Amino acid sequence: MRAVTLDKKGEVIVSENVKPEPGAREVRIRVVMSSLNFADLKQIRSGSKAVLGLDCVGIVEKVGDKVSKVKTGDRVMAFPFTSGHAEFAIATEALVFPISAEIGWEQAAAAPIVTFLSYFLTHKIHKLLPEDTMIVHAASGGVGTTIIQLAKNLGVQTIIGTVGNLSKADAVYKAVSYTHLRAHETRGN
């Protein structure tokens, strides 16, 4: 099995590895796609020996004997403890989530880290209310644009976004406009 890893010098390589076997509460996923996240880039830049590929999407190939939420053949997104940038990944069942048939692989692969983090911040850390004013730093990135869209869907009227360079501002305007248009279309139905 091939996987993207870091060698002893901190260089990115494709290595051959043994196909992993799931434990009792674990799932083996045949990876279809994975995301390259900012955390991966930080690991690569630091040269530290760490697992790359924080998330992946794919098809459940094998489940441990105590797994009950997913079955072989299911389309899933996951946060594996082995590399998501590999042909196969292992994740604990609690970090494996089904993907609806209506969602394409590309959409699903782009979603895990940014969507889960954004949802947690806007619904769990602080449940956003329409009267809230929100400041989003790095608003043009994946988490920033996702938080903006979630906030707009929750009715937040005042969102202030910061960007490191004005050339990135267009992505923020598109995130706000897209959400606004979607909300407007939904009200008409």
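The values are calculated or read from the model by the stated rules, or taken from the named source; none is laboratory data. From a predicted model like this one, the values you see are computed outputs, not experimental measurements. Counting neighbours? That spans all protein chains shown, and the Cβs are built from the backbone with ideal geometry, glycine included. What goes into the accessible areas is simple: the full protein's heavy atoms, side chains included, and nothing from ligands, DNA or RNA. Shrake-Rupley method; radii C 1.70, N 1.55, O 1.52, S 1.80 Å.
Worth pointing out:
- Electrostatic dipole magnitude of the chain [Cβ: Lys, Arg +1; Asp, Glu -1; Cα centre; debye, to 20]: 180 debye
- Solvent-accessible area of Leu54, all protein chains in place: 70 Å² (probe radius 1.4 Å, heavy atoms, ligands and nucleic acids excluded).
- Label-to-label distance for Ile13 and Lys42 is 2.6 nm, based on points extended 7 Å past Cα in the beta-carbon direction.
- Using the 1.4 Å probe convention, the accessible area of the stretch 34-158 works out to 53 Å² per residue with neighbouring protein chains retained.
- Cα-Cα over 27 Å, subset of Lys62/Lys127; Lys8/Lys42; Lys8/Lys69: Lys62/Lys127; Lys8/Lys69
- The chain: most fluctuating residue of Ile125, Ile44, Ile159 per GNM, C-alpha cutoff 10 Å: Ile125
- The chain: relative contact order as a whole-number percent, Cα under 8 Å and 6+ apart: 17 percent
- Segment Lys66..Leu166, full-extension length gain: 30.9 nm, with 0.36 nm per residue of separation and the alpha-carbon distance subtracted.
- Sorting Phe120, Phe97, Phe38 on solvent-accessible area from highest to lowest, probe radius 1.4 Å, gives Phe38, Phe120, Phe97.
- Under a model in which nothing but the beta-carbon of Lys, Arg (+1) and Asp, Glu (-1) is charged, the stretch 56-101 shows a dipole of about 120 debye around its Cα centre.
- Heavy-atom accessible area with a 1.4 Å probe sorts Tyr119, Tyr173, largest first, into Tyr173, Tyr119.
- For the stretch 1-36 versus the stretch 85-107, the spacing of their alpha-carbon centroids is 14 Å.
- Take the chain and mark each of the trypsin sites (Lys or Arg not before Pro) that is in a DSSP loop with at most 12 other Cβ atoms within 10 Å; the longest unmarked stretch, sites excluded, is 128-189.
- Simple point charges give the picture: +1 on the Cβ of Lys and Arg, -1 on the Cβ of Asp and Glu, and for the stretch 64-154 a dipole about the Cα centre of about 180 debye.
- Neighbours of Asp74, meaning other residues whose beta-carbon lies under 13 angstrom from its beta-carbon, give a summed charge of +4 when Lys and Arg score +1 and Asp and Glu score -1.
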